[in-house]
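Let me begin by presenting the structure, written as structure tokens, before commenting on it.
The values are calculated or read from the model by the stated rules, or taken from the named source; none is laboratory data. If you're wondering where the values come from, they're calculated on a predicted model, not measured in any experiment. In this analysis, Cβ positions are derived from the backbone assuming ideal geometry, glycine residues included, and neighbour counts consider all displayed protein chains.
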Ligand code: NAP
Ligand code: ZN
Ligand code: ZN
């Protein structure tokens with residue numbers, strides 16, 4: 001029997017989200033039913049609810065930073081049990097057989113791509129619905145364990161903002177002796193700063209203004225500069241091994257490439273809706289590179305959660321009621337978020 005649950009959905013692209021009900025599939029052999037406690041609001045939710053990245057599936061229930069408690073498991077489930085504290089991020093399925101899936105890079109599945117938590121069609125041909133809802137049914141492979149040291153509300157944003165910054169920091173070897181800049185101190189940025197600091201790197205925040213400087217330093221940054229000040233780009237020339245760009249809008253990329261050392265890399269996790277412009281001359285000078293990175297795999301997400309528990313890292317959140325979601329979206333768009341809105345799903 002399908003399960004009827006309350007949710008918040010965007011009925012059409014750009015329409016305000018409103019309360020509704022959705023159907024979840026019956027709990028299958030390898031499925032876990034999760035009573036969702038908290039769900040973060042990622043800027044990607046807003047891009048997609050407004051169809052900013054292209055055609056999207058409506059009605060849309062966003063939400064891919066999910067934490068909660070297991071309330072039922074299928075007969076073949078071995079990884080999780082009723083009562084476990086668990087999380088779900090951006091993916092709920094993948095082919096499991098391609099080289100990337102086998103290597104723990106499910107987010108880069110080449111066997112038809114991962115099934116995203118929402119704004120996608122599942123293997124059963126039904127649309128997927130995200131975490132702005134009271135319950136979700138997910139295959140056990142895509143469910144991770146929340147360590148006891150992490151409260152479920154401040155852990156929710158780790159499922160996207162945490163892993164999306166942790167994965168490139170690890171891949172590009174952020175650590176002692178490496179200088180890392182994080183561009184944009186929003187949801188992703190405030191996790192990037194904490195994680196890069198915990199990994200032992202020297203961390204600089206590049207924010208539009210100095211408005212959040214105290215917070216940035218408290219979160220672990222060694223240095224903080226305003227990108228609105230042209231002197232920043234003079235002072236920091238050739239300084240960084242790695243720049244993690246979390247900005248949701250296009251930037252003057254040449255100005256940021258100039259801040260990289262020889263062989264430095266700028267990794268763009270921010271995904272603007274518009275195409276961006278770069279000139280190859282701006283990379284060519286010092287064998288610099290520009291890349292991008294998508295979330296992280298399931299095993300790496302568990303590793304990141306365990307790392308956060310061990311190092312006392314979590315999200316700084318503003319807990320809201322579900323009926324404040326549209327207002328929260330406007331505040332995210334205005335860069336007025338410190339540093340992640342999280343919905344208490346009991347208010348749905
Ligand atoms: P967010 O909380 O809105 O943070 C973005 C930050 O960028 C803002 O707080 C602001 O920081 C800065 N910013 C915003 N507009 C700007 C502009 N026009 N010029 C310069 N700086 C600007 O968003 P988020 O949830 O962290 O997500 C950020 C981006 O990452 C989104 O595009 C999202 O879709 C994408 N994303 C990608 C992945 C992935 O897998 N690659 C995963 C999750 C999210 P300051 O106020 O400090 O300047
Ligand atoms: Zn996200
Ligand atoms: Zn695959």
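So that you can scan it fast, the table gives a plain yes or no per residue for (1) over 22 Å from the mean Cα position of the chain (by Cα); (2) buried (at least 24 other Cβ atoms within 10 Å of the Cβ); (3) modelled with pLDDT of 95 or more; (4) on the phi > 0 side of the Ramachandran plot:
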residue: 10; (1), (2), (3), (4): no, yes, yes, no
residue: 17; (1), (2), (3), (4): no, no, yes, no
residue: 23; (1), (2), (3), (4): yes, no, yes, no
residue: 27; (1), (2), (3), (4): yes, no, yes, no
residue: 42; (1), (2), (3), (4): no, yes, yes, no
residue: 51; (1), (2), (3), (4): no, no, yes, yes
residue: 80; (1), (2), (3), (4): yes, no, yes, no
residue: 84; (1), (2), (3), (4): yes, no, yes, no
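Determine if segment 41-55 includes at least one residue that is part of a strand (DSSP E or B) and in contact (Cβ under 8 Å) with a residue 24 or more places away in the chain. Before the answer, list the steps.
Step one: filter segment 41-55 for residues part of a strand (DSSP E or B), giving none.
No, segment 41-55 contains no residue that is part of a strand (DSSP E or B) and in contact (Cβ under 8 Å) with a residue 24 or more places away in the chain.
Give the residue that is nearest to residue 295 (Cα to Cα), with candidates limited to residues of segment 85-100 that are part of a strand (DSSP E or B) and more than 16 Å from ligand 2 (Cβ to nearest atom). Walk me through it before giving the result.
Within segment 85-100, the subset part of a strand (DSSP E or B) is 85-88, 91-93.
Right, trim to more than 16 Å from ligand 2 (Cβ to nearest atom) and you get 85-86, 93.
Working: 85: 21, 86: 18, 93: 14 Å.
Filtering first and then ranking leaves 93.
Could you check segment 101-135 and list, in sequence order, the residues that are outside any loop (DSSP other than H, G, I, E, B), within 14 Å of ligand 3 (Cβ to nearest atom) and surrounded by fewer than 19 Cβ atoms within 10 Å (Cβ to Cβ)? Steps first, please.
Filtering segment 101-135 for residues outside any loop (DSSP other than H, G, I, E, B) gives 101-102, 106-108, 115-116, 121, 127, 133, 135.
From the residues that got through so far, the ones that are within 14 Å of ligand 3 (Cβ to nearest atom) too are 101-102, 106-108, 115-116.
Within segment 101-135, 102, 108 qualify.
Results for (1) outside the structural domain of residue 106 (by TED's automatic domain parsing); (2) more than 24 Å from residue 108 (Cα to Cα), shown as yes or no for each residue.
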position: 287; (1), (2): yes, yes
position: 303; (1), (2): no, no
position: 320; (1), (2): no, yes
position: 325; (1), (2): no, yes
position: 328; (1), (2): no, yes
position: 331; (1), (2): no, yes
position: 335; (1), (2): no, yes
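Restricting attention to segment 101-113, which residues are without any contact (Cβ under 8 Å) to a residue 12 or more places away in the chain and either under 23 Å from residue 125 (Cα atoms) or within 15 Å of ligand 1 (Cβ to nearest atom) (or both)?
Scanning segment 101-113 gives a single hit, 101.
Looking only at segment 35-44, which residues are under 28 Å from residue 189 (Cβ atoms) and either in contact with a strand residue (DSSP E or B) (Cβ under 9 Å, 6 or more places away or on another chain) or within 16 Å of ligand 3 (Cβ to nearest atom) (or both)?
36, 37, 38, 39, 40, 41, 42
Restricting attention to segment 162-177, and to residues there that are more than 14 Å from residue 313 (Cβ to Cβ) and outside any helix (DSSP H, G or I), which single residue is nearest to the chain's Cα centre (by Cα)?
172
Among the residues of segment 233-248, which ones are out of contact with any helix residue (DSSP H, G or I) (no Cβ under 9 Å at 6 or more places or on another chain) and either within 16 Å of ligand 2 (Cβ to nearest atom) or in a helix (DSSP H, G or I) (or both)?
Result: 234, 235.
Take segment 137-161 and flag every residue that is away from ligand 3 (no atom under 16 Å from the Cβ), assigned to a strand (DSSP E or B) and crowded, with 19+ Cβ neighbours inside 10 Å. Steps first, answer last, please.
In the first step, residues of segment 137-161 are kept if they are away from ligand 3 (no atom under 16 Å from the Cβ); the result is 137-138, 140, 143-161.
Within this subset, residues satisfying the condition of being assigned to a strand (DSSP E or B) are 137-138, 144-145.
Across segment 137-161, the qualifying residues are 137, 138, 144.
Do we have any residue at all in segment 278-295 that's buried (at least 19 other Cβ atoms within 10 Å of the Cβ), assigned to a loop (DSSP other than H, G, I, E, B) and within 16 Å of ligand 3 (Cβ to nearest atom)?
Yes, some residue in segment 278-295 is buried (at least 19 other Cβ atoms within 10 Å of the Cβ), assigned to a loop (DSSP other than H, G, I, E, B) and within 16 Å of ligand 3 (Cβ to nearest atom).
Does residue 260 satisfy being more than 30 Å from residue 51 (Cα to Cα), within 16 Å of ligand 2 (Cβ to nearest atom) and at pLDDT 95 or above? Reasoning before the result, please.
Numbers: more than 30 Å from residue 51 (Cα to Cα): yes; within 16 Å of ligand 2 (Cβ to nearest atom): no; at pLDDT 95 or above: yes.
Answer is no for this residue.
Let's see how each residue does on (1) farther than 19 Å from residue 91 by Cα; (2) outside the structural domain of residue 339 (by TED's automatic domain parsing); (3) touching a helix residue (DSSP H, G or I) at 6+ places or on another chain (Cβ under 7 Å):
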site	(1), (2), (3)
9	no, no, no
14	yes, no, no
35	no, no, no
43	no, no, yes
48	no, no, no
57	no, no, no
61	no, no, no
66	no, no, yes
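Cβ contacts < 6 Å: first residue more than 11 Å from residue 41 (Cβ to Cβ) and free of Cβ contacts under 8 Å to residues at least 40 places away in the same chain, restricted to segment 326-348; second residue part of a loop (DSSP other than H, G, I, E, B) and more than 15 Å from ligand 2 (Cβ to nearest atom), any location; separation 6+ or different chain. Result?
Between residues of segment 326-348 that are more than 11 Å from residue 41 (Cβ to Cβ) and free of Cβ contacts under 8 Å to residues at least 40 places away in the same chain and residues that are part of a loop (DSSP other than H, G, I, E, B) and more than 15 Å from ligand 2 (Cβ to nearest atom), the close pairs are 347/321.
Pick out the one residue from 217, 206, 195 that is within 9 Å of ligand 1 (Cβ to nearest atom) and assigned by TED's automatic domain parsing to the domain that holds residue 259. Steps first, answer last, please.
Values: 217 fails: within 9 Å of ligand 1 (Cβ to nearest atom); 195 fails: within 9 Å of ligand 1 (Cβ to nearest atom).
None of the others qualify; the one that does is 206.
Within segment 73-100, which residues are away from ligand 1 (no atom under 16 Å from the Cβ) and under 16 Å from residue 163 (Cβ atoms)?
Of everything in segment 73-100, just one residue is away from ligand 1 (no atom under 16 Å from the Cβ) and under 16 Å from residue 163 (Cβ atoms), namely 86.
Take residue 210 and decide whether it is farther than 24 Å from residue 171 by Cβ, out of contact with any helix residue (DSSP H, G or I) (no Cβ under 6 Å at 6 or more places or on another chain) and not in a strand (DSSP E or B).
Values: farther than 24 Å from residue 171 by Cβ: yes; out of contact with any helix residue (DSSP H, G or I) (no Cβ under 6 Å at 6 or more places or on another chain): yes; not in a strand (DSSP E or B): yes.
Against the criterion (farther than 24 Å from residue 171 by Cβ, out of contact with any helix residue (DSSP H, G or I) (no Cβ under 6 Å at 6 or more places or on another chain) and not in a strand (DSSP E or B)), residue 210 qualifies.
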